[in-house]
1. Give me the accessible area of Glu83, 1.4 Å probe, in Å² rounded to the nearest 10.
2. Identify the trypsin sites (Lys or Arg not before Pro) of the stretch 16-81 meeting these criteria: DSSP loop state and at most 10 other C-beta atoms within 10 Å of the C-beta.
3. Between the stretch 83-115 and the stretch 360-387, what is the separation of their alpha carbon centroids in Å?
4. Given contacts defined as C-alpha pairs under 8 Å and at least six residues apart, what's the relative contact order of the chain, whole-number percent?
5. Sum up the charges of everything whose Cβ sits under 13 Å from the Cβ of Ile416, counting Lys and Arg as +1 and Asp and Glu as -1, but leave Ile416 out.
6. In square angstrom, what is the accessible area per residue of the chain with a 1.4 angstrom probe?
7. Please list 375-384, 325-334 highest first by mean number of surrounding beta-carbon atoms within 10 Å per residue.
8. What is the distance in Å between the Cα centroid of the stretch 186-247 and that of the stretch 168-182?
Amino acid sequence: MAKILIDGGKPLSGTIKVSGAKNAALPIIAGVILSTKPVKLTNVPALNDVTTISKVLEALGVKVARTSNNCYEFDASGKISEEAPYELVKTMRASFFVMGPLLARLKKARVPLPGGCAIGVRPVNIHLKGFEELGAKVSIESGCAVAIADRLIGTKIHLDFPSVGATENLIMAATLAEGETVIENAAQEPEIVDLAEFLNALGAKIKGAGGPSIIVEGVKELGGGTYSIMPDRIEAGTFAVLGAMAGGPIRVENCNPNHLLALTAKLREMGASIECGNDYIIAGSEGRLKASEVKTLPYPGFPTDMQAQLMTAMCLAEGTSSVTETIFENRFMHVSELSRMGANINIHERTAVIHGVKALEGAPVAATDLRAGAAMVLAGLVAQGHTEISQIYHIDRGYEDLVGRINRLGANITRIEG
Ligand code: EPZ
């Protein structure tokens, strides 16, 4: 079993470059299905999840060529199957993003329902209800979501919750529908904007992405093109928290600070020094951070994907902090792992109360999900002594060469394959 080994407590500083955004690349790659012309993507992060969704596309009949570590070329001009393979979809729930494009292009789709995951049940009811409102007949058959439509007709869809995935799937379904679709109470995350800009680059007509109301004027077909994936704001935020915790300064390059306003405001409130340029953040701190409180919310609120990382910083802050997780029902699994390192945290329903301690102690811990794994790396880097992190396949899903890049900041961190 591969592990990450850390001897913590060393001062860390230097420059770290951010990769392309996983949560933009996954829906955008699924969106390739909408076009019958060649599509080239650059700044694609080299992640296991990207490999998985590329395999799903190949299984559907799309030609996929990885021309370099971060560049892919796609050709979906051939015959496309409407059925996504269970063996692949079950390994990554974001494969469900192919449902909207398949329905738009073929007027039929059969995609295995994505299982829940460690952080929650994660249903897809909002996706399916939107497909029905566009005119599809939706059913669940042998664990698959099945959607069939004679025609997809643009309409007004109001999302019960601003679901990121549902917003993305419905934008893609509406792209080739007849007439205008308005998605109300849409998710406003930057990854939605990146998807819309990608589809518009291929000839789609999407307006309002990034706001609560997205208008999609259906078109007959999409052309080809080249698109560069936006920088990963969660990876950037993870490194900014590291700078604030370890003292830094750490210069986080190739990022968009405007995507992280909730985080940088919170870090400043905790006493970190945060300097933002147009494509970088310099994060550091003079001495101990101060306690604070945070509640995760849909964008532009504080991102749930940064919750575990900020909680780790709060473990060492002076005073009592609190974290309320409103997006997922089970996203506190890192609490028990942090407690093994000496953190003092109590959970009351959806709120964790963190009593700051002077130091964390290295220990054997596990990555329980993608962002919790990143939080354990942060904890190990500032803890006194040796930390061993297992189950790091979670980390590989979302962070390209994390160990190599953090090593270059002066950390004593290695990875062993096992
Ligand atoms: C996306 O997941 C991200 N994943 C998640 O990042 C991120 O945490 C999440 O958005 C929230 O920002 C990708 O983009 C690949 P949601 P998604 O639909 O689309 C409920 C990471 O670490 N819901 O906005 O699945 C759902 O149960 C991952 O990179 C329904 O009830 O998130 C959850 O409680 C983790 N019915 C809430 O909405 C639905 O049909 C938010 O889910 C859909 C969602």
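1. Near enough 90 Å² of accessible area.
2. Lys79
3. Each part reduced to its Cα centre gives a spacing of 34 Å.
4. Values: 1069 pairs, mean separation 87.2, N = 418.
Computed value for the chain: 21 percent relative contact order.
5. My count for the surroundings of Ile416 gives 0.
6. 37 Å²
7. Ranking, from highest mean packing down: 375-384, 325-334.
8. 16 Å
The values are calculated or read from the model by the stated rules, or taken from the named source; none is laboratory data. The structure displayed is predicted, hence computed values, not measured ones. So basically every Cβ, Gly included, is an ideal-geometry build from the backbone, and we count neighbours across all protein chains shown. Ligands, DNA and RNA are excluded from the accessible area calculation, which covers all protein heavy atoms including side chains. Shrake-Rupley method; radii C 1.70, N 1.55, O 1.52, S 1.80 Å.
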